[in-house]
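Undergrad: Here it is, the structure, as C-alpha cells.
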2 protein chains.
Amino acid sequence: MLKKKITLKHIARELDVSISTVSKALKNSEEISRDTKEKIQAFAKLYNYKPNNIAISLKNKRTKNIGVVIPDIVHHFFTTVVKGIEKYANQKGYNVIVCLSDESFDKEVINMEMLANGSIDGFIMSLSAGTQENDDYNHLKEVTEQGIPVVLFDRVTDEIDCDKVVIDDQQGGYMATKKLIDEGRKQIALLTTHDYFSVSRDRNEGYRKALLDSGLEIKDDYILRLPYMDIEEQVISDFFDRIEVDGVLSVNEIFGINAMRVLQRKGYVIPDDISVIGFTDGLLSKHANPSMTSVAQHGDKMGEIAAKMLIEKVESDVEEETYKTEIIQPTIVARESTLNPNGAGSGN
Amino acid sequence: MLKKKITLKHIARELDVSISTVSKALKNSEEISRDTKEKIQAFAKLYNYKPNNIAISLKNKRTKNIGVVIPDIVHHFFTTVVKGIEKYANQKGYNVIVCLSDESFDKEVINMEMLANGSIDGFIMSLSAGTQENDDYNHLKEVTEQGIPVVLFDRVTDEIDCDKVVIDDQQGGYMATKKLIDEGRKQIALLTTHDYFSVSRDRNEGYRKALLDSGLEIKDDYILRLPYMDIEEQVISDFFDRIEVDGVLSVNEIFGINAMRVLQRKGYVIPDDISVIGFTDGLLSKHANPSMTSVAQHGDKMGEIAAKMLIEKVESDVEEETYKTEIIQPTIVARESTLNPNGAGSGN
DNA sequence: TTGTACGCGTTATCAT
DNA sequence: ATGATAACGCGTACAA
C-alpha cells in the first residue's frame, strides 16, 4: 500500500541505465535518444516521479522558501499582509514559512536564527514590540551581513539597511484628523499607544500636524496612551469624563471600537454628537455598529510589494547595496461613524 | 562586510584537520582529544558556525517542517489554529510552512504537491470549500499513501484515514439551541451555509435535535442558507420579514453579526425581543454591540492537539495503521445578545 | 585520536 | 548517446 517517493536512482536501476541518463532524459535533453527518453519519461510518469526539493535546495543553495516573521497572526492586518505575500510568492514558486514572535524580542531572535541556517532565501518581517522596545537589532544585522535579503514592513527601523515597505502613517493620521476637522470637529481626542511603536509615533505626528495646520490647539490631556494589550474600558471611560470631545482618532481598530462603546454608553450618538475614526481597516470597523470610518492600511498590497521586493533581491545575483523604501498611501474608508459632508465613500 | 555562512569544510581547511574531525569535535565526541576539540569549538564559535538545515534534512530525511494548508488566513478561527500549531511545533523545534488554498480545490492540490516533494514531514490541514464541494480527496490519498502523516482539523472527511481533530459541532449546535430554548425562545431561526460544509451540517443537526428534544417543531422556512462569502443583507432582511422569530442561531460569526444589525434596524431590541447566538467566538462576537453570545471553537487548543498528533506520528518510526479522532468540546461564551437566566458566563 | 569513504538526491561537467 | 564523477553540507561506520 505504501508507495514511497521514487528517486532518480530507482528509475536508473529499474531501467538499467545510469542516473545521469535519467536526469537528462527527464529534462528532455537533446543528448539522449528519442527511445530512451520516451521509456524513461513514461516510467517516471507512471511512478509519479517528482524531484526532491531538499536535494535541489542543497545543490542550488536556493530553497524557494521565504521566511515571514510577524508579531502576531491573530491580527487582521498581519493576516492580510501574509495573504498578500503568499499570493505573490506562490505565483513565483515560493513557499512561505511563517514564524510568530509573539511580540517578544527573544522569540524573534530564535525564529530568525532557526530559519537563517539555510531554510529560507530571505526574510519578510515586521518588528515585535519587544524588539522595538529594546531597540536592539543585532539579529537583523547578522542576517543581512550574511547576505540574506530582508524586507521590513510596517514596523521598521532606520538601524537596518534593507528594503522596506510602509504606509505613510503620518499622512494617514493627517488625513483622518483633517477629515474630522472638515466635519467641523474642534475637540479631537487621540487614542494611541506608547511611543516605541514607529507607526503610532507617525500617526500621532499626522494628528498634531493637522491640528496645527488648521489653527487648532494641541492639548495633552486630549491624548490617551493605552497599553497595546489588555485595554481596560474604565480607563477610556475616565478619559472621556475628564474632557469634552466631538471627535476621536484612534491609532488602531480596537481602541476605536472600545471608544465607540464607551461613548454610546455615556449617551452620545455617533456620529451626530461625536465622530470616530480608527486605523487598520479590518473586520471590526466594517461590522461595528455604527460601522467605523477608518484608515485602510492595504495590508495585502503591502505583502505583495514586500514579496516582490524580496524575490527580486533573492533572484538577482548582483550584490547591490542599494535599498528602497516603498511608501504606500493610506486611504480613508468612510463609514457610519463620521458625518459625510461630501457624500463620499461607499464603505461596504 | 559579507560574512558568508561557514561550513565544516571551511573550518577543517582553516584548522588543517579533516571534516569529520570537525564534525565530531562540534558534537563533543569522546573520540576527539581535548585540545583539538577546544580549538575547533573556539573557532566555530568565533565564526558563528551553525549546521546547514538543508544538508541535515537531506541526510536525515527529516525536514523539521510542518505543512499547514488552510482555506483562508484572514479568518479568526484559522488564525487561532495556526497560532496553536506554531506554539507546539516551535517548542518541538519544527517550523510551520503555511499555504493557503483560498477555498479552491486546485490551489489545495498544487500546494500539497509542492510541499509533498520533501519540503515537509507532515501535513496539518482543513479542507477547502472547493474540495468539499468536489468531494474529491485523491490528493490526500496520494500523500498518505506515500507515508506522509496527515492530520485533518475542523473541516474533515471520512474518505481519508488519518488523525483528525474536530470540535463536537453537533453538540455545539445543540447546546446553543438548548440555551435559547431554556430562555423561553420558541421561534428559533437558523442561519447556515450549504450542506457540503461538514461543520454546518453537524451544527444544523444539533439545532434540529435540540428542537426535537424540546418538542418544538422544525420549520423549513426558519432555516436560511446563505452563500459562504458575499452575504447580502437584503436576503437576511427579507428572511426576517417572512417569519416571526424570538431566537437566532448562526453557524458562524458573520451571519450572526449581520443578523443582529438587520434586526436592530427593524427595531428589535437584543436580547429583550430576540436572542442571538453565533459560532466561532472571535473578535466580532466580542466587540459587537451588543456583544454576541457564541459557541467557542477553541482553535488554539485544536491547533496544539493537531500539532501534537502530527509530530507524534512523524517521530514514531512504527508504521501504525491506527488513527485517532480527537473531539474537542465546544463552550458557550455568554454575552449580551442572550438573556442570562442563570446569571452565568463572564464573556469578554 | 584522527582520517577516509560513503550516502542522502540532484545536476553539471567531463569522459567514453 | 550514455555513463562516470564530483559537488552541495553533513554525519557516521569503518580504517588507520
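The numbers here are math on the coordinates, done by the rules we state, and not lab data. Here the structure is a predicted model, which means the values were calculated and not measured. Cβ: placed from backbone, ideal geometry, glycine included. Neighbour counts: every protein chain shown.
Undergrad: At a Cα cut-off below 12 Å, give the aspartates and glutamates reachable from B:Lys92, other chains included and same-chain residues fewer than 8 away excluded.
TA: B:Glu304, B:Glu312, B:Glu315
Undergrad: Starting from the amide H of B:Thr325, placed 1.01 Å from N in the peptide plane, find each other amide H under 5 Å away whose residue is 5 or more places distant or on another chain.
TA: B:Lys164
Undergrad: Quick one: 3J(HN,Hα) in Hz for segment A:229-240, Karplus 6.51/-1.76/1.60 with θ = phi - 60°, rounded, Gly and Pro as x.
TA: 9, 6, 6, 9, 4, 4, 4, 5, 4, 4, 4, 6
Undergrad: Same structure, new question: Please tell me the relative contact order of chain A in percent, rounded to the nearest whole number, where contacts are Cα pairs under 8 Å and at least six residues apart.
TA: 17
Undergrad: If amide H atoms are built 1.01 Å from N in the plane of the peptide, which residues on other chains or at least 5 residues away come under 5 Å of the amide H of B:Ser275?
TA: Those lying under 5 Å, H to H, from B:Ser275 are B:Gly247, B:Val248.
Undergrad: Per Stokes-Einstein, at 37 °C and 0.692 mPa s, what whole-number D in µm² s⁻¹ belongs to segment A:144-241, with the Kirkwood radius over Cα pairs as the hydrodynamic radius?
TA: Translational diffusion coefficient: 215 µm²/s.
Undergrad: Charges at C-beta only: +1 for Lys and Arg, -1 for Asp and Glu. How large is the resulting dipole of the protein assembly as shown about its Cα centre, in Debye rounded to 20?
TA: The calculated dipole for the protein assembly as shown is roughly 2100 debye.
Undergrad: How much of the pair distance distribution for the protein assembly as shown lies past 43 Å, counting alpha-carbon pairs only, in percent?
TA: 33
Undergrad: Let me ask another. Take B:Cys99, B:Cys162 and order them by how many other Cβ atoms sit within 10 Å, fewest up front.
TA: Going from least to most buried by this count: B:Cys162, B:Cys99.
Undergrad: Here is a further query. Can you list, shortest first in nanometers, how far B:Lys324 lies from the same residue in the other copies, with each label 7 Å from Cα toward Cβ?
TA: 5.1
Undergrad: Also, quick follow-up: If you take each beta carbon of peptide A:115-121 and count the beta carbons of other chains within 10 angstrom, what is the mean?
TA: 5
Undergrad: For the cross-link pairs B:Lys45/B:Lys83; B:Lys37/B:Lys87; A:Lys178/A:Lys324; B:Lys5/B:Lys59; B:Lys27/B:Lys61; A:Lys308/B:Lys301, which exceed 26 Å when the distance is taken from alpha carbon to alpha carbon?
TA: Violating the 26 Å Cα-Cα cut-off are B:Lys45/B:Lys83; B:Lys37/B:Lys87; A:Lys178/A:Lys324; A:Lys308/B:Lys301.
Undergrad: I've got another one for you. Need one number: nm distance between label points at A:Leu2 and B:Glu321, each 7 Å from Cα along Cα→Cβ, rounded to one decimal.
TA: Placing both labels 7 Å along Cα→Cβ, they lie 1.2 nm apart.
Undergrad: Expressed as an acute angle from 0 to 90° and rounded to the nearest 10, what is the orientation of the C-alpha long axis of helix A:105-116 relative to the principal long axis of chain A?
TA: For helix A:105-116, the angle is close to 20 degrees.
Undergrad: Can you tell me the orientation of helix B:76-91 relative to chain B, as the angle in degrees between its alpha-carbon axis and the longest Cα principal axis, to the nearest 10?
TA: 30
Undergrad: Using modelled amide H (1.01 Å from N, peptide plane; none on Pro or chain starts), what sits under 5 Å from the amide H of A:Ala296, excluding residues fewer than 5 places away?
TA: Amide H neighbours of A:Ala296: A:Asp281, A:Thr331, A:Ile332, A:Val333.
Undergrad: Which FRET efficiency, nearest 0.05, do B:Lys45 and A:Asn28 yield, Cβ-Cβ r, R0 51 Å?
TA: 0.60
Undergrad: So if I average 1/r over every pair of distinct C-alpha atoms in chain A and take the inverse, what Kirkwood radius in Å does that give?
TA: 23.0
Undergrad: Can I ask one more? Set the Förster distance to 41 Å, then compute FRET efficiency between B:Asp241 and B:Asn138 from the Cβ-Cβ distance, nearest 0.05.
TA: Efficiency for this residue pair is about 0.35.
Undergrad: Report the calculated FRET efficiency for A:Asp195 and A:Asp221 (r = Cβ-Cβ distance, R0 = 22 Å), to the nearest 0.05.
TA: 0.80
Undergrad: Defining a contact as two alpha carbons under 8 Å apart and six or more residues distant in sequence, what relative contact order in percent does segment A:89-238 show?
TA: Reported relative contact order: 17 percent.
Undergrad: Sticking with this structure for a sec: With the cut-off at 1.5 for a/c, could you classify segment A:169-297 from its C-alpha gyration tensor as rounded, prolate or oblate?
TA: Rounded.
Undergrad: Please list 3J(HN,Hα) in residue order for segment B:278-291, calculated via the Karplus relation 6.51 cos²θ - 1.76 cosθ + 1.60 where θ = phi - 60°; whole Hz, with x for glycine and proline.
TA: x, 10, 6, 5, x, 4, 4, 4, 5, 9, 5, 10, x, 5
Undergrad: Give, in nm to one decimal, the length gained when the segment between A:Tyr228 and A:Ser214 is fully stretched (0.36 nm per residue of separation minus the Cα-Cα distance).
TA: Fully extending the segment from A:Tyr228 to A:Ser214 adds 2.1 nm.
Undergrad: Can you give the helix-only mean residue ellipticity at 222 nm for the protein assembly as shown, where every DSSP H stretch with n ≥ 4 adds -39500 (n - 2.57) and the sum goes over all residues, rounded to the nearest 500 deg cm²/dmol?
TA: -13500 deg cm²/dmol
Undergrad: Sticking with this structure for a sec: If you plug each phi of segment A:121-138 into the Karplus form 6.51 cos²θ - 1.76 cosθ + 1.60 with θ = phi - 60°, what whole-Hz ³J(HN,Hα) values come out, in order, with x for Gly and Pro?
TA: 9, x, 10, 10, 8, 10, 5, 6, 4, x, 5, 5, 5, 5, 6, 10, 10, 5
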